[in-house]
1. Considering only residues that are surrounded by fewer than 21 Cβ atoms within 10 Å (Cβ to Cβ) and of a type outside the set (A, V, I, L, M), which ones fall in region A:38-52?
2. Are there any strands (runs of 3 or more DSSP E) wholly within region A:1-67 with 2 or more residues that are in contact with a Leu (Cβ under 8 Å, 6 or more places away or on another chain) and at pLDDT below 95, and if so which?
3. Residues that are closer than 26 Å to residue B:105 by Cβ and free of Cβ contacts under 8 Å to residues at least 24 places away in the same chain: does region A:24-38 have at least one?
4. Across region B:42-57, what is the total count of residues that are in contact with a strand residue (DSSP E or B) (Cβ under 8 Å, 6 or more places away or on another chain) and either in contact (Cβ under 8 Å) with a residue 60 or more places away in the chain or of a type outside the set (A, V, I, L, M) (or both)?
5. Please return the ranges of strands (runs of 3 or more DSSP E) entirely within region B:1-55 where 2 or more residues are within 14 Å of chain A (Cβ to nearest Cβ).
6. Could you pull out the residue among B:75, B:99 that is among the hydrophobic types (A, V, I, L, M, F, W, C), out of contact with any Ser or Thr (no Cβ under 6 Å at 6 or more places or on another chain) and within 14 Å of another protein chain (Cβ to nearest Cβ)?
7. Return the only residue of B:37, B:55, B:72, B:61 being exposed (fewer than 12 other Cβ atoms within 10 Å of the Cβ) and among the basic types (Lys, Arg).
8. Name the residue that is nearest to residue B:19 (Cα to Cα), counting only residues in region B:102-111 that are within 14 Å of chain A (Cβ to nearest Cβ) and surrounded by fewer than 19 Cβ atoms within 10 Å (Cβ to Cβ).
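The values are calculated or read from the model by the stated rules, or taken from the named source; none is laboratory data. Since this is a predicted model, take the numbers as computed values, not measurements. As a convention, Cβ positions derive from the backbone with ideal geometry for all residues, glycine included, and neighbour counts pool all protein chains shown.
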Amino acid sequence: GAGVSQTPSNKVTEKGKYVELRCDPISGHTALYWYRQSLGQGPEFLIYFQGTGAADDSGLPNDRFFAVRPEGSVSTLKIQRTERGDSAVYLCASSARPIGGGARYNEQFFGPGTRLTVL
Amino acid sequence: KQEVTQIPAALSVPEGENLVLNCSFTDSAIYNLQWFRQDPGKGLTSLLLIQSSQREQTSGRLNASLDKSSGRSTLYIAASQPGDSATYLCALGAGSYQLTFGKGTKLSVIP
């Protein structure tokens, strides 16, 4: 596809349930990011993949959150034992491989997001 | 820890007016700065990317500037149109390429 896609667009679940959110990045982009946006706030970083590996997961709030990218393309964000405080829009972004040396860093392109509501 | 502030939180202007949105940050050790647009219930659309070695970028009616020494960036919108109504977010790239966002400025352009 032309852009980053995310499914589902909306997810309503009950407290304590398990959910999976999917991100399909722009073809050829090696870097993939997950962010979370609460109402009235800017997006907050969760995790960054370079290829198949999680290069930085320092933004994950606790061990109920986990993300994978097994083949270096599609990524899945997994949330166990959901809580009402997890309700937010989960955004995925991708970029071409960052170019090192301090010269240029590549633009991130965002998907439309998944709105998660935990009842 | 990088702190990003956007002022004002909301702005309402009549159609045709030129306007400036402000973004300030606390840590000048950044790789780049991106300005995004977000429409209600939608994802983010990238508007402009300024690398740390650059001072400004232009795209159509938009011009973004970056002054790392003072920790400031501005987004200038010329001849505003009702279709420009949206929330504008600035974000700084640093560390492991993650972006740190401000809370945004909600712009309303009145016909």
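1. A:38, A:40, A:41, A:44, A:50, A:51, A:52
2. A:44-50
3. Checking region A:24-38: not a single residue is closer than 26 Å to residue B:105 by Cβ and free of Cβ contacts under 8 Å to residues at least 24 places away in the same chain.
4. 9
5. Per the criteria, B:4-7, B:19-25, B:32-38, B:44-51.
6. Going through B:75, B:99 in turn, the sole match is B:99.
7. B:55
8. Ranking the candidates gives B:106 first.
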